[in-house]
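The values are calculated or read from the model by the stated rules, or taken from the named source; none is laboratory data. Predicted model only: the values in this text are computed from it and were never measured. Positions of Cβ are generated from backbone atoms using ideal geometry, with glycine treated the same way; all protein chains shown enter the neighbour counts.
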Amino acid sequence: MKENELALLIGKDIYFIRAGDRKINTEFGIIDQSELLKKKFGDKIKTHSGEEFIIVKPNLIDILFKKTKRLPQIIMPKDASLILAYTGIASDSLIVDAGTGSGFLSMFLGYYCNKGKVVTYEKRPEFAKVARNNIELNGLKNVFVKEKDVLKGIDEKNVDLITLDLEFPEQIVENCFDSLKSGGWLVVYSPHIEQVIKVRKEIKRLNFTQVKTIENIIREWRVGRHTLPEVSGVMHTGWLTFARKIN
């Protein structure tokens with residue numbers, strides 16, 4: 001492993017550490033991070049008390065949930081994954097994301113569309129700074145933060161996918177239509193149904209097809225002596241409205 005490279009240690013607990021000349025204390029003993037420089041992913045490492053961990057290369061979801069700074073609201077992976085599934089967006093697509101926040105959705109899309117480009121609009125400088133730091137942490141070279149109020153216009157043209165997660169998205173639906181290529185997708189995340197209604201009204205005015213609004217609810221189950229649904233967890237988060245441009 002290289003100096004300062006991120007690693008996930010999986011054993012009786014999970015730890016995120018960097019390879020280097022440092023030591024960390026855990027409830028299972030001291031981990032000498034310099035030992036990682038002699039290891040590769042898939043190897044094992046022991047604490048000073050003999051507790052063993054597997055060294056794993058962290059993936060996007062590991063980093064998003066364990067290392068990335070989160071602002072108050074993010075689009076969860078369960079919703080972000082539906083954008084890929086319902087649009088079938090290609091890996092070399094041009095994507096515009098508006099309402100960057102922490103950058104979770106733009107990073108998710110950039111990770112899976114790694115041959116393309118994601119431009120994400122954020123009008124608040126403090127949010128843009130957080131997003132840039134998160135993007136750098138994830139090592140994504142194809143995601144770019146643009147400090148601009150997207151309600152004042154979208155610069156990009158012939159866009160494959162536009163995603164909106166912001167206040168008053170209905171005000172920019174027509175601009176999205178103009179920026180999309182024929183066959184391109186608009187996806188709007190809405191936290192309340194009143195916003196969905198306003199967005200759908202604007203979509204209806206324009207030449208969109210394959211319009212649908214969906215709610216994605218996931219319920220985990222506890223499997224044991226008695227198998228029961230979990231009584232808490234991330235279930236309802238919001239609504240996704242999909243619309244495809246045709247000329």
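The listed residues are GLU126, GLU156, and the only one of them that is assigned to a helix (DSSP H, G or I) and either farther than 14 Å from THR68 by Cβ or modelled with pLDDT under 95 (or both) turns out to be GLU126.
The set of residues from the range 91-103 being closer than 10 Å to LYS117 by Cβ and assigned to a strand (DSSP E or B) comprises LEU94, ILE95, VAL96. Can you find, within the range 48-58, the residue that is nearest to TYR112 (Cα to Cα) among those that are of a type outside the set (Lys, Arg) and in a loop (DSSP other than H, G, I, E, B)? Here the answer is PRO58.
Take SER190 and tell me if it is loosely packed, with under 12 Cβ neighbours inside 10 Å, within 24 Å of the chain's Cα centre (by Cα) and in the same structural domain as ARG132 (by TED's automatic domain parsing). So SER190 does not fit the description; no. A single member of THR213, THR163 is assigned to a strand (DSSP E or B), among the polar types (S, T, N, Q), modelled with pLDDT of 95 or more and farther than 20 Å from ALA90 by Cα, and it is THR213.
Taken across the range 59-67, residues that are on the phi < 0 side of the Ramachandran plot, outside any strand (DSSP E or B), out of contact with any Phe, Trp or Tyr (no Cβ under 9 Å at 6 or more places or on another chain) and aromatic (Phe, Trp, Tyr) do occur, with at least one present.
Among the residues of the range 104-123, those identified as closer than 17 Å to SER91 by Cα and part of a helix (DSSP H, G or I) are LEU105, SER106, MET107, PHE108, LEU109, GLY110, TYR111, TYR112. Taken over the range 160-172, the criterion of being crowded, with 20+ Cβ neighbours inside 10 Å and either over 19 Å from the mean Cα position of the chain (by Cα) or without any contact (Cβ under 8 Å) to a residue 24 or more places away in the chain (or both) is satisfied by PRO169, ILE172. When the residues of the range 117-158 are filtered to those that are touching a Gly at 6+ places or on another chain (Cβ under 7 Å) and surrounded by fewer than 22 Cβ atoms within 10 Å (Cβ to Cβ), which remaining residue is nearest to PRO191 (Cα to Cα)? Out of the qualifying residues, it is PHE127.
The residues of the range 211-247 that are under 18 Å from the mean Cα position of the chain (by Cα) and over 22 Å from TRP185 (Cβ atoms), listed by number, are ILE217, ILE218, VAL234, MET235, HIS236.
Of the residues that make up the range 122-129, is at least one acidic (Asp, Glu), within 19 Å of the chain's Cα centre (by Cα) and more than 20 Å from GLU5 (Cα to Cα)? Among the residues of the range 122-129, at least one is acidic (Asp, Glu), within 19 Å of the chain's Cα centre (by Cα) and more than 20 Å from GLU5 (Cα to Cα), which makes the answer yes. Within the range 72-90, the set of residues being small (Gly, Ala, Ser) and within 19 Å of VAL145 (Cα to Cα) comprises ALA80 only.
Residues that are closer than 16 Å to SER93 by Cα and in contact (Cβ under 8 Å) with a residue 60 or more places away in the chain within the range 177-198 comprise SER179, LEU180, LYS181, SER182, GLY183, GLY184, TRP185, VAL187, listed in sequence order. I'd like the full set of residues that are small (Gly, Ala, Ser) and part of a strand (DSSP E or B), limited to the range 1-29. Of everything in the range 1-29, those that are small (Gly, Ala, Ser) and part of a strand (DSSP E or B) turn out to be ALA7, GLY29.
The residues of the range 232-247 that are polar (S, T, N, Q), touching a residue at least 12 places away in the same chain (Cβ under 8 Å) and within 30 Å of TRP221 (Cβ to Cβ), listed by number, are THR237, THR241.
Note on the range 16-49: among residues that are among the hydroxyl-bearing types (Ser, Thr, Tyr) and surrounded by fewer than 14 Cβ atoms within 10 Å (Cβ to Cβ), the one that is nearest to GLU3 (Cα to Cα) is SER34.
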